[in-house]
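Taking it in order: structure first as structure tokens, then the write-up.
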Amino acid sequence: MMELCSGAHIKYQVVYHLQWAPKYRYKIFKKESHKKDYKMVLEEAAERHEIKIMELAIMPDHVHAVVRCPASMSVSKALFYLKGASSHDFFQLHPNMRKCYRRGHLLSAGKFCRTVGDVDLETTKEYVREQAVQTTLTSF
């Protein structure tokens, strides 16, 4: 079971499964040094933006990540931070890679995201239904 995070006046659990790929689906992470460097810059970018990487798989031509985000951060903002910062920092480490990518875009615009939680949809719907029943039965 995932634990809930706490903030000022809030308890939350915001976890996403994210996926993205290099432009043209090039297999740039096939080379171990590129994979290692990308993992490092991705983890640094996540830490800078208070995103916790819970699980990470860097495949030769795409990346999967399970991340926990602050409650105030949208999934699009999390992807923006992770993809943008990691691309920039990766190009700093490997400036010659810019030659392979027109206009300096390492990653494609495409992405995949889904919410992840330790409670399934049916359980959540049942909980909400039960709250409505309990409220109407309670006498004031």
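The values are calculated or read from the model by the stated rules, or taken from the named source; none is laboratory data. Note that the structure is a prediction, hence the values are computed from the model and not measured. Cβ atoms come from the backbone with ideal geometry, glycine included; neighbour counts cover every protein chain shown.
State whether the residues of region 18-34 include one that is under 16 Å from Val116 (Cβ atoms) and either surrounded by 15 or more Cβ atoms within 10 Å (Cβ to Cβ) or at pLDDT 95 or above (or both). Yes - at least one qualifying residue is present in region 18-34. Restricting attention to region 1-45, the residues that are within 18 Å of Phe91 (Cβ to Cβ) and among the small types (Gly, Ala, Ser) add up to 3. In region 73-84 there is at least one residue that is surrounded by 14 or more Cβ atoms within 10 Å (Cβ to Cβ), hydroxyl-bearing (Ser, Thr, Tyr), touching a residue at least 24 places away in the same chain (Cβ under 8 Å) and over 20 Å from Lys27 (Cα atoms). Selection of region 69-98 for residues being of a type in the set (D, E, K, R) and at pLDDT 95 or above yields Lys77, Lys83, Asp89. Within region 48-86, the residues that satisfy the criterion of being outside any loop (DSSP other than H, G, I, E, B) and of a type in the set (D, E, K, R) are Arg48, Lys52, Glu55, Arg68, Lys77, Lys83. Scanning region 110-130 for residues that are among the small types (Gly, Ala, Ser) and either loosely packed, with under 10 Cβ neighbours inside 10 Å or at pLDDT below 90 (or both) yields a count of 1.
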